[in-house]
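Accompanying notes for the structure given below.
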Amino acid sequence: MAAAAAAAAAAAAAAAAEVGKRVLDTGWLAARSTEVALTGEQLTTTDPPPADPEPTAPWMHAAVPGTVLGTLLKNKLIPDPFYGLNNESIIDIAKSGRGHYTFWFFTTFQCAPAGHQHVSLNFRGINYSAEVYLNGHKEVLPKGMFRRHTLDITDVLRPDGKNLLAVLVHPPDHPGAIPPQGGQGGDHEIGKDVATQYVEGWDWMCPIRDRNTGIWDEVSISVTGPVRIMDPHLVSTFYDDFKRSYLHCTLQLENRSSWLSDCKLKIQVSTELEGNICLVEHLQSYEISVPPNSVLEYTIPPLFFYKPNLWWPNGMGKQSLYNVEIGVDANGFGESDSSNHHFGFRKIESTIDGSTGGRIFKVNGEPVFIRGGNWILSDGLLRLTRKRYMTDIKFHADMNFNMLRCWGGGLAERPDFYHFCDIYGLMVWQEFWITGDVDGRGIPISNPNGPLDHDLFLLCARDTVKLLRNHASLALWVGGNEQVPPVDINKALKNDLKLHPIFVSNHTTKSPGKDKSEDPTDPSKYLDGTRVYVQGSMWDGFANGKGDFTDGPYEIQYPESFFKDSFYKYGFNPEVGSVGVPVAATIRATMPSEGWSIPIFKKRIDGYINEVPNPIWDYHKYIPYSKPGKVHDQIELYGHPSDLDDFCEKAQLVNYVQYRALLEGWTSFMWTKFTGVLIWKTQNPWTGLRGQFYDHLLDQTAGFYGCRCAAEPIHVQLNLDSYFIEVVNTTADELRDVAVEISAWDLDGASPYYRVTEKIAVPPKKVQQVTKMSYPKTKNPKPVYFLLLKLFKLSDNQVLSRNFYWLHLPGKDYKLLEQYRQKQIPLKINSKISISGSGYKVRMSIENRSKKPENANSVSTMNLADANGSDRIGEEAIQDGHSSGLWGKIRRGLSITRSDDNVRTVEVKGADSGVSFFLHFSVHTSEPSSSQDVYKDTRILPVHYSDNYFSLVPGEKMAIDISFEAPQGSTPRVILKGWNYHLDHAVTL
């Protein structure tokens with residue numbers, strides 16, 4: 001029996017000592033430091049906390065990675081700070097003192113190194129400083145939220161492999177206080193530290209009571225041999241018009257042993273081909289000797305590639321990524337360490353455009369018209385999961401965006417964020433931790449010299465560069481938001497991030513004979529050297545380029561205003577924003593019933609409406625849909641809202657129109673006046689009520705789909721100022737042999753205006769006016785009408801772009817749409833469903849079955865599956881025999897006809913003719929949504945829709961792909977609603 005136990009122990013030790021990294025993200029406990037009498041030495045030797053603490057004990061299960069507030073919420077010791085006014089009941093660190101949010105975090109881990117192995121304990125992010133105790137030994141982690149910490153713990157690990165780890169985490173040194181009036185960054189004290197600044201609150205964010213104190217990023221242990229690999233830097237260079245490329249790599253090798261280590265350094269570069277076949281393009285090895293107790297920098301000879309698969313931004317091509325595996329074997333030991341990276345071959349250039357004054361980005365030699373958004377962070381409690389990051393970034397790709405700006409008051413974003421930006425093609429502008437509001441330009445003016453410790457700021461900046469620089473998506477470094485860093489920091493960053501000469505924009509990749517730039521230094525030896533550094537978000541090609549406050553505006557606009565030449569003067573607007581009310585279900589799910597009352601509409605003597613929100617909406621930073629004196633209330637255009645559902649439905653109409661117009665207006669001036677625009681902002685890190693395309697629960701607003709429509713690479717649009725129809729071609733190829741079908745539809749289902757243009761061609765990277773839409777000038781035009789534009793190929797009628805508008809004549813409004821809600825227009829829905837585990841992929845093919853007008857033709861009624869994809873569902877084909885139990889429950893006015901085992905046909909009955917207006921799907925569990933006293937949110941979130949908030953003219957068809965993960969034990973159902981579809985047309989899956 002003793003022998004068996006010894007063998008088991010040996011096996012466990014061997015397993016624990018396997019070379020590689022192990023993440024420590026489970027089994028953590030936490031306790032407030034003032035409630036623990038024991039020392040760190042005692043906690044990690046004789047008196048560890050119980051693994052399953054009593055509810056009354058100071059110890060509790062912890063959220064690591066995460067924050068103190070996240071842990072308290074996990075244990076229900078505070079209410080959800082993002083629900084209603086709950087945040088007001090949580091004590092702020094300014095009142096409690098820093099000790100209240102100083103916490104112990106404790107865990108155990110198994111690791112017993114063998115032979116000459118070495119073990120590191122790694123913290124990728126702690127806010128703000130900490131003391132680490134391991135098996136009774138203490139190490140102090142210095143200050144700084146954005147720095148990595150690595151401790152060699154080899155000599156303090158226990159022989160039996162059972163190790164006790166305790167970390168005492170201290171909040172920022174200057175957490176500040178929140179003035180009664182709130183403000184941008186509270187009293188600005190947080191700016192004295194090198195930490196995230198939004199935590200004192202902003203005009204879009206409530207204060208975070210613990211200032212994000214905690215072990216907020218990954219904790220891991222790494223087992224290596226005597227030599228470990230540190231911070232490989234991967235760089236690609238190009239020649240002969242991107243036909244020839246070299247992969248450069250410089251890394252550091254640390255020999256922790258006391259003897260010379262003879263090593264073999266290996267690098268393998270592979271790419272995945274179709275059908276999960278992996279092609280190894282390079283496998284090289286190099287003999288290296290690393291002196292004892294030293295760090296050696298080594299540059300691998302450049303690896304040659306002929307016509308590598310290039311990484312492109314979203315909408316311009318594939319996001320090709322290579323797998324680069326670097327390993328080191330030590331003589332007499334074997335594998336000592338390894339490092340894996342996904343790497344994209346691409347070249348990003350950025351200069352100031354001479355004609356527009358705006359900053360221009362080129363990727364692989366092609367100019368990119370920037371349409372993207374400002375990003376704060378995913379979650380205000382730093383619950384930053386890989387799964388949520390994937391959803392966040394895919395949502396932005398689904399909107400056809402190509403850039404995200406990581407705002408300076410937020411985070412240096414995490415590797416998982418950048419990984420999915422690599423995957424989905426979102427270029428990233430990463431700012432350092434300076435904001436004008438907090439650092440020298442706010443009210444009151446404070447911290448004119450930025451953080452107190454400039455050396456710490458630069459240390460964090462350099463470490464952040466090393467952490468992120470290998471990501472293909474990273475496009476730009478910026479010193480700060482609406483401010484430049486202090487002079488010495490700015491000078492150091494300019495020097496540290498200077499471009500290698502081969503990446504200066506006047507260097508050509510077309511020279512066939514010269515493979516080396518005038519600087520013989522390998523580009524991978526630079527800290528970065530491949531991306532431009534710009535000192536501030538309103539300097540050097542952004543806004544007016546001089547640092548004046550020339551970004552914005554941030555409120556509701558008339559849609560046609562975005563198309564006016566006078567709306568914005570400068571070439572690249574880094575921030576322009578507007579409204580963002582979510583759907584009614586989100587309001588109910590994130591607020592008590594007192595928050596369900598809609599704003600009071602007070603009409604002023606000048607006819608403008610002043611919206612007065614309830615206190616909960618006000619706390620959640622509601623931005624109104626009117627701008628008294630400038631913009632009449634855009635919700636009131638549709639009729640006075642009667643209740644929350646009506647208000648939110650009308651808000652979605654405005655959201656769609658507002659953001660589609662914003663992007664279409666900017667795109668109308670593509671390259672002639674503008675080089676790009678970033679919307680402020682795309683989402684909120686809490687349950688805010690402004691500036692968002694999806695809410696904190698991950699449900700999209702209609703503005704999401706307005707952006708998706710407007711930012712298509714090839715797009716047809718109506719200029720709402722001139723009423724010219726324009727075709728947008730952002731691609732590098734000429735658009736040939738296409739035409740535009742133009743049809744207007746009235747509220748009775750007739751088409752009083754119809755025409756098809758002559759054949760047109762649109763050069764690459766151009767916007768072309770096609771013809772003026774003259775329906776409003778015809779005899780007896782209807783005061784409210786629909787307009788459908790389709791750009792299609794003349795050869796086969798394939799629709800390349802479809803754009804649906806609802807419009808009113810000058811001086812009119814949309815109130816006639818109120819009575820249109822009573823229209824009962826028939827629909828036919830065919831569906832295919834594929835299920836894999838908890839994953840669902842559903843294709844809904846919807847047809848407006850109302851009578852077509854006599855002038856309807858093949859283009860206007862063609863099957864739009866061609867525009868939305870093939871008849872397959874995502875990546876998985878429908879399997880025979882997998883549809884039993886699907887579409888089992890049909891409700892409220894539906895009849896069903898089974899066409900075969902895989903396809904279901906659902907019919908929504910109706911006798912009227914007309915447009916099926918503003919249809920939208922949602923996915924729910926099968927439980928009822930509410931009881932008499934408590935609202936229960938039944939939505940399954942997140943859900944990815946190929947389109948939503950869409951409309952169909954008589955006879956028109958469209959295919960919508962829906963994908964989601966269903967909670968365990970739930971029975972999903974898809975619900976269809978619309979402007980003139982009030983009942984829950986639901987089907988259980």
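Looking only at the range 54-65, how many residues end up being over 25 Å from residue 199 (Cβ atoms) and surrounded by fewer than 17 Cβ atoms within 10 Å (Cβ to Cβ)?
Residues in the range 54-65 being over 25 Å from residue 199 (Cβ atoms) and surrounded by fewer than 17 Cβ atoms within 10 Å (Cβ to Cβ): 4 in total.
Exactly one of these conditions fails for residue 466: (1) in contact with a His (Cβ under 9 Å, 6 or more places away or on another chain); (2) outside any loop (DSSP other than H, G, I, E, B); (3) closer than 30 Å to residue 73 by Cβ. Give me its number.
Going through (1) in contact with a His (Cβ under 9 Å, 6 or more places away or on another chain); (2) outside any loop (DSSP other than H, G, I, E, B); (3) closer than 30 Å to residue 73 by Cβ one by one, residue 466 breaks only (3).
Considering 870, 860, 831, which residue is modelled with pLDDT under 85, open to solvent by less than 20 Å² (accessible area, probe 1.4 Å) and either touching a strand residue (DSSP E or B) at 6+ places or on another chain (Cβ under 8 Å) or not in a strand (DSSP E or B) (or both)? Please lay out each step first, then the result.
Numbers: 870 fails: open to solvent by less than 20 Å² (accessible area, probe 1.4 Å); 831 fails: modelled with pLDDT under 85.
Selected residue: 860, the only one of 870, 860, 831 that is modelled with pLDDT under 85, open to solvent by less than 20 Å² (accessible area, probe 1.4 Å) and either touching a strand residue (DSSP E or B) at 6+ places or on another chain (Cβ under 8 Å) or not in a strand (DSSP E or B) (or both).
Working carefully through the options 408, 332, 380, find the one that is farther than 21 Å from residue 233 by Cα, assigned to a loop (DSSP other than H, G, I, E, B) and either hydroxyl-bearing (Ser, Thr, Tyr) or open to solvent by 40 Å² or more (accessible area, probe 1.4 Å) (or both).
It is 332.
So, residue 68, is that one β-branched (Val, Ile, Thr), within 26 Å of residue 124 (Cβ to Cβ) and either open to solvent by 20 Å² or more (accessible area, probe 1.4 Å) or not assigned by the TED database to the domain that holds residue 158 (or both) or not? Spell out how you get there, then give the answer.
Details: β-branched (Val, Ile, Thr): yes; within 26 Å of residue 124 (Cβ to Cβ): yes; either open to solvent by 20 Å² or more (accessible area, probe 1.4 Å) or not assigned by the TED database to the domain that holds residue 158 (or both): no.
In short, no.
From the list 498, 491, 516, which one is farther than 30 Å from residue 397 by Cβ, of a type outside the set (Asp, Glu), in a loop (DSSP other than H, G, I, E, B) and at pLDDT 95 or above?
498
From (1) open to solvent by less than 10 Å² (accessible area, probe 1.4 Å); (2) farther than 21 Å from residue 584 by Cα; (3) not β-branched (Val, Ile, Thr), pick out the condition that doesn't hold for residue 688.
(2)
Collect the residues in the range 433-487 that are open to solvent by less than 10 Å² (accessible area, probe 1.4 Å) and of a type in the set (Val, Ile, Thr), keeping them in residue-number order.
434, 435, 438, 464, 465, 478
Which numbered condition in (1) within 13 Å of residue 765 (Cα to Cα); (2) of a type in the set (Ser, Thr, Tyr); (3) not assigned by the TED database to the domain that holds residue 761 is the only one that residue 694 fails?
(1)
Yes/no per residue for (1) in a strand (DSSP E or B); (2) under 33 Å from the mean Cα position of the chain (by Cα); (3) at pLDDT 95 or above:
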residue	(1), (2), (3)
216	no, yes, yes
229	yes, yes, yes
235	yes, yes, yes
299	yes, no, yes
313	no, yes, yes
316	no, yes, yes
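Every residue in the range 23-47 that is among the hydroxyl-bearing types (Ser, Thr, Tyr) and outside any loop (DSSP other than H, G, I, E, B), please.
33, 34
Which count do you get for residues in the range 956-989 that are outside any loop (DSSP other than H, G, I, E, B), of a type outside the set (A, V, I, L, M) and at pLDDT below 90? It would help to see each step written out before you state the result.
Quick first cut of the range 956-989, residues outside any loop (DSSP other than H, G, I, E, B) only: 957-965, 973-978, 981-988.
Filter once more, keeping what is of a type outside the set (A, V, I, L, M): 957, 961, 963-965, 973, 977-978, 981-982, 984-985, 988.
Of the ones still in play, those that are also at pLDDT below 90 are 981-982, 984-985, 988.
Qualifying residue count, the range 956-989: 5.
Can you pull out every residue in the range 261-303 that is open to solvent by 80 Å² or more (accessible area, probe 1.4 Å) and on the phi > 0 side of the Ramachandran plot?
Of everything in the range 261-303, those that are open to solvent by 80 Å² or more (accessible area, probe 1.4 Å) and on the phi > 0 side of the Ramachandran plot turn out to be 276, 293.
Working only within the range 793-813, note down all residues that are over 28 Å from residue 634 (Cα atoms), in contact with a strand residue (DSSP E or B) (Cβ under 7 Å, 6 or more places away or on another chain) and either open to solvent by 10 Å² or more (accessible area, probe 1.4 Å) or of a type in the set (D, E, K, R) (or both).
First pass over the range 793-813, keeping only residues over 28 Å from residue 634 (Cα atoms): 793-800.
If we keep only those that are in contact with a strand residue (DSSP E or B) (Cβ under 7 Å, 6 or more places away or on another chain) too, we end up with 793-795, 798-800.
Across the range 793-813, the qualifying residues are 793, 794, 795, 798, 800.
May I ask you to verify whether residue 953 is open to solvent by less than 30 Å² (accessible area, probe 1.4 Å), under 28 Å from residue 654 (Cα atoms) and modelled with pLDDT under 90?
no
I'd like the full set of residues that are at pLDDT below 95 and either at positive phi or part of a strand (DSSP E or B) (or both), limited to the range 418-449.
440, 447
Looking only at the range 834-853, count every residue that is in a loop (DSSP other than H, G, I, E, B), open to solvent by less than 40 Å² (accessible area, probe 1.4 Å) and closer than 30 Å to residue 646 by Cβ and tell me the total. First the steps, then the outcome.
Taking the range 834-853 and keeping what is in a loop (DSSP other than H, G, I, E, B), we get 837-838, 849-853.
Within this subset, residues satisfying the condition of being open to solvent by less than 40 Å² (accessible area, probe 1.4 Å) are 850, 853.
Imposing the further condition that a residue be closer than 30 Å to residue 646 by Cβ reduces the set to 850.
Selection size over the range 834-853: 1.
Any idea which of 227, 194 is aliphatic (A, V, I, L, M), over 30 Å from residue 332 (Cα atoms) and open to solvent by less than 10 Å² (accessible area, probe 1.4 Å)?
Values: 227 fails: over 30 Å from residue 332 (Cα atoms).
Going through 227, 194 in turn, just one is aliphatic (A, V, I, L, M), over 30 Å from residue 332 (Cα atoms) and open to solvent by less than 10 Å² (accessible area, probe 1.4 Å): 194.
Counting only residues that are in contact with a Cys (Cβ under 9 Å, 6 or more places away or on another chain) and within 30 Å of residue 86 (Cβ to Cβ), give me the strands (runs of 3 or more DSSP E) lying completely in the range 656-762 with at least 3 of them.
Numbers: elements: 676-680, 714-718, 724-729, 735-745, 753-756, 760-762.
Result: empty, no element qualifies.
For the range 123-140, indicate whether the set of residues that are in contact with a Phe, Trp or Tyr (Cβ under 6 Å, 6 or more places away or on another chain) and open to solvent by 30 Å² or more (accessible area, probe 1.4 Å) is non-empty.
Going residue by residue through the range 123-140, those that are in contact with a Phe, Trp or Tyr (Cβ under 6 Å, 6 or more places away or on another chain) are 125, 127.
Going one step further and asking which of them are open to solvent by 30 Å² or more (accessible area, probe 1.4 Å), we end up with none.
No, every residue in the range 123-140 fails to be in contact with a Phe, Trp or Tyr (Cβ under 6 Å, 6 or more places away or on another chain) and open to solvent by 30 Å² or more (accessible area, probe 1.4 Å).
Would it be correct to say that residue 669 is over 30 Å from residue 735 (Cβ atoms) and either without any contact (Cβ under 8 Å) to a residue 12 or more places away in the chain or of a type in the set (Phe, Trp, Tyr) (or both)?
Judged against the criteria, residue 669 is not a match.
Check 99, 191, 183 and return the single one that is in a loop (DSSP other than H, G, I, E, B) and in contact (Cβ under 8 Å) with a residue 12 or more places away in the chain.
Details: 99 fails: in a loop (DSSP other than H, G, I, E, B); 191 fails: in a loop (DSSP other than H, G, I, E, B).
Checking each option against the conditions leaves just 183.
Among 593, 597, 626, which is closer than 28 Å to residue 562 by Cα, small (Gly, Ala, Ser) and at pLDDT 95 or above?
Testing whether each residue is closer than 28 Å to residue 562 by Cα, small (Gly, Ala, Ser) and at pLDDT 95 or above leaves just 626.
Within the range 577-608, track down each residue that is β-branched (Val, Ile, Thr) and open to solvent by less than 20 Å² (accessible area, probe 1.4 Å).
Taking the range 577-608 as the starting set, the residues that turn out to be β-branched (Val, Ile, Thr) are 579, 581, 583, 586-587, 590, 598, 600, 605.
Residues satisfying the conditions are 579, 581, 586, 587, 590.
Select from the range 557-614 the residues that are assigned to a strand (DSSP E or B) and of a type outside the set (Lys, Arg) and list them in ascending order.
Going residue by residue through the range 557-614, those that are assigned to a strand (DSSP E or B) are 572-577, 600-603, 609-612.
Listed by number, the residues that qualify are 572, 573, 574, 575, 576, 577, 600, 601, 609, 610, 611, 612.
I need the full set of residues from the range 315-326 which are under 20 Å from residue 397 (Cβ atoms) and open to solvent by less than 30 Å² (accessible area, probe 1.4 Å), in order please.
Residue satisfying the conditions is 320 alone.
Does residue 525 meet the test of being of a type in the set (Lys, Arg) and either closer than 15 Å to residue 432 by Cβ or at pLDDT below 95 (or both)?
The answer is no for residue 525.
The values are calculated or read from the model by the stated rules, or taken from the named source; none is laboratory data. Please read these numbers as outputs of a predicted model, since none were measured by experiment. With ideal geometry, Cβ positions are generated from the backbone for all residues, glycine too; neighbour counts draw on all protein chains shown. Ligands, DNA and RNA are excluded from the accessible area calculation, which covers all protein heavy atoms including side chains. Shrake-Rupley method; radii C 1.70, N 1.55, O 1.52, S 1.80 Å.
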